[in-house]
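Before any comments, here is the structure.
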Amino acid sequence: MDIETLKLDLEERLTKGRYEHTLRVTDTAIKLAETFRESEENAKIAALFHDYCKYDSLEEMKQTIASNSKLPDLLLSFHHELWHGPVASLRIEEKYGITNQEIKDAIFFHTTGRSNMTKLDKIIFLADYIEPGRDFPGLDEVRDTAKIDLTKACYLAAKNTVRYLMEKNRTVYPDSFHAYNDLNQQVFGGMKDE
Ligand code: DGI
Ligand code: FE
Ligand code: FE
């Protein structure tokens, strides 16, 4: 795949701000891959494509989800912000022939996370959260943790996201809860709550 062609495609599909976010996520993901010994090439491709469908028409995404058995219909009962990752995981196979399941999954789950996240899932989920353009409460702790413990940093990001959604009275997609619970058990050793 020619990265320069892909970047031109991204620049056309995304706003300037979103394109710049994508480049910052890509840099961050490559650094995390280096630190935590994951394929830098896979991190780069997954990061470049993670928001590929961010501005696709809602009608078109709805049709794609409803008609494709790989995308759960449950998505349609939740906020449309959750659609762009799963839809992108299909589009990049159609348009760029990307069949690598790890890359497709990291893109699919980048917004919510999931149970049993792969290392690449964690890298993309975290890079999207901590890229230098972001500014959330609690971000400094997540950024510091990301230098030494990938799973714990993802746990903090997942916890902050679930808490934020609840505070705003938004619904929480099941995979976001599954990510939170599973990362909690990975960090705290799966001890029974006391
Ligand atoms: O695409 P980005 O803006 O870079 O970031 P993203 O894909 O992580 O998140 C997009 C939005 O999705 C963000 O405003 C928070 C929201 N979101 C994340 N998890 C959930 C969620 N919204 C709902 N309703 N439920 C979730 O579980
Ligand atoms: Fe996104
Ligand atoms: Fe993003």
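Where a number appears in this text, it was derived from the coordinates with a stated rule and is not lab data. In this text the structure is predicted, and so the values were computed from the model without any measurement. Using ideal geometry, Cβ is built from the backbone for each residue, glycine included, and neighbour counts are taken over all protein chains shown.
Below, the figures for the structure above:
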| quantity | calculated |
| --- | --- |
| Length-normalised contact order for segment 3-136 - Cα pairs under 8 Å, 6+ apart - percent | 28 |
| Segment 95-194: relative contact order in percent, alpha carbon pairs under 8 Å with at least 6 residues between | 29 |
| Size of charge dipole - the chain - debye, nearest 20, with Cβ of Lys, Arg +1 and Asp, Glu -1, no other charges | 320 |
| Gain upon complete extension [LEU139, ASP9; 0.36 nm per residue less C-alpha separation] | 43.7 nm |
| Charge dipole (the chain, unit charges on Cβ, about Cα centre) - positive-most of SER89, CYS154, GLY138 | GLY138 |
| Cα-based reach from LYS119 at 26 Å (exclusive), listing lysines while leaving out same-chain residues under 8 positions away | LYS7, LYS31, LYS44, LYS54, LYS70, LYS95, LYS104, LYS147, LYS152, LYS159, LYS192 |
| D_trans [Stokes-Einstein, Kirkwood Rh over alpha-carbon pairs] for the chain, 4 °C, 1.567 mPa s, µm² s⁻¹ | 76 |
| Label-point separation in nm, SER39 to ASN68, each point 7 Å along Cα→Cβ | 2.0 |
| Gain on full stretching of the segment that runs from GLU20 to GLU93 - 0.36 nm per residue minus C-alpha separation | 24.0 nm |
| Alpha carbon centroid spacing (whole Å) that separates segment 131-194 from segment 50-67 | 26 |
| Efficiency of FRET between PHE177 and MET1 - r from beta-carbon atoms, R0 41 angstrom, step 0.05 | 0.75 |
| Residue-count net charge about LEU139 - beta-carbon cut-off 13 Å; Lys, Arg +1, Asp, Glu -1 | -3 |
| Contour excess over end-to-end distance, with Cα ends at TYR55 and LYS168 and 0.36 nm allotted per residue | 38.4 nm |
